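The values are calculated or read from the model by the stated rules, or taken from the named source; none is laboratory data. Predicted model only: the values in this text are computed from it and were never measured. With ideal geometry, Cβ positions are generated from the backbone for all residues, glycine too; neighbour counts draw on all protein chains shown.
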Amino acid sequence: MLKPDAVKRRLIGTVLGKFEKRGLKIMAAKMMFIDTNLAKKHYGEHSEKPFFSDLVEYITSGPVLATVIEGEECIALIRRMVGATNPQEADLGTIRGDYAIDTGRNIIHASDSADSAAREISLFFEDSEICEYKLPDEELIYEEP
Ligand code: IDP
Ligand code: MG
């Protein structure tokens, strides 16, 4: 999910372009406002953290671009492309390492496991909004598509 700072900083194309160029498949994308209720559900695991209310305020401060992205081992792959939570510690070349400075404005969310991906996708998308299709160049991306 591209957070409101990414949307407002016109980084949608830049960030999605990185995933596309890597060879990943974008199966759904939706610009939307997250209300407080949904924000609290999405970030439920952090509800006891001191930064929780700031986090909810941040993620509801403007539109986000929610996405569903598919590819082999893509959860680990995308987490590596996103970089460390604190952009100061994120490697150069990662999304946060190149485009963010502050943990509280780190521009992108990425699911951290298959279970959290399934849970988060169901918070933001109906099944009918997720497009199943084949990329025509899969044999150029994968040895065994
Ligand atoms: P992640 O986004 O890299 O998975 P999490 O630890 O799951 O990191 O934290 C969720 C989000 O909460 C972070 O992306 C960041 O926006 C925010 N956050 C995490 N730790 C802090 C903090 O110490 N201060 C302010 N915001 C934080
Ligand atoms: Mg997380």
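General observations
- Screening the candidates 84, 76, 117 for the property of being small (Gly, Ala, Ser), within 16 Å of ligand 2 (Cβ to nearest atom), in a loop (DSSP other than H, G, I, E, B) and out of contact with any Pro (no Cβ under 9 Å at 6 or more places or on another chain) yields one hit, 84.
Residue-by-condition table, conditions (1) within 16 Å of ligand 1 (Cβ to nearest atom); (2) part of a helix (DSSP H, G or I); (3) of a type in the set (Gly, Ala, Ser); (4) at pLDDT 95 or above:
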residue	(1), (2), (3), (4)
21	no, yes, no, yes
27	no, no, no, yes
30	no, no, no, yes
55	yes, yes, no, yes
67	yes, no, no, yes
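- Here residue 89 qualifies as loosely packed, with under 15 Cβ neighbours inside 10 Å and assigned to a loop (DSSP other than H, G, I, E, B).
- Residues that are closer than 17 Å to residue 73 by Cβ and of a type in the set (S, T, N, Q), drawn from segment 104-141: 111, 113, 116
Okay, residues lined up against (1) farther than 17 Å from residue 20 by Cβ; (2) exposed (fewer than 14 other Cβ atoms within 10 Å of the Cβ); (3) of a type in the set (A, V, I, L, M, F, W, C); (4) touching a Leu at 6+ places or on another chain (Cβ under 8 Å):
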| position | (1), (2), (3), (4) |
| --- | --- |
| 78 | no, no, yes, yes |
| 85 | yes, yes, no, no |
| 99 | no, no, no, yes |
| 131 | no, yes, yes, no |
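- Taking segment 104-121 as the range and being over 14 Å from the mean Cα position of the chain (by Cα) and free of Cβ contacts under 8 Å to residues at least 40 places away in the same chain as the test, only 115 passes.
Table: residues versus (1) farther than 23 Å from residue 12 by Cβ; (2) near ligand 1 (Cβ under 8 Å from one of its atoms).
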position: 40; (1), (2): yes, no
position: 74; (1), (2): no, no
position: 83; (1), (2): no, no
position: 90; (1), (2): no, no
position: 99; (1), (2): no, no
position: 112; (1), (2): no, yes
position: 115; (1), (2): yes, no
position: 119; (1), (2): yes, no
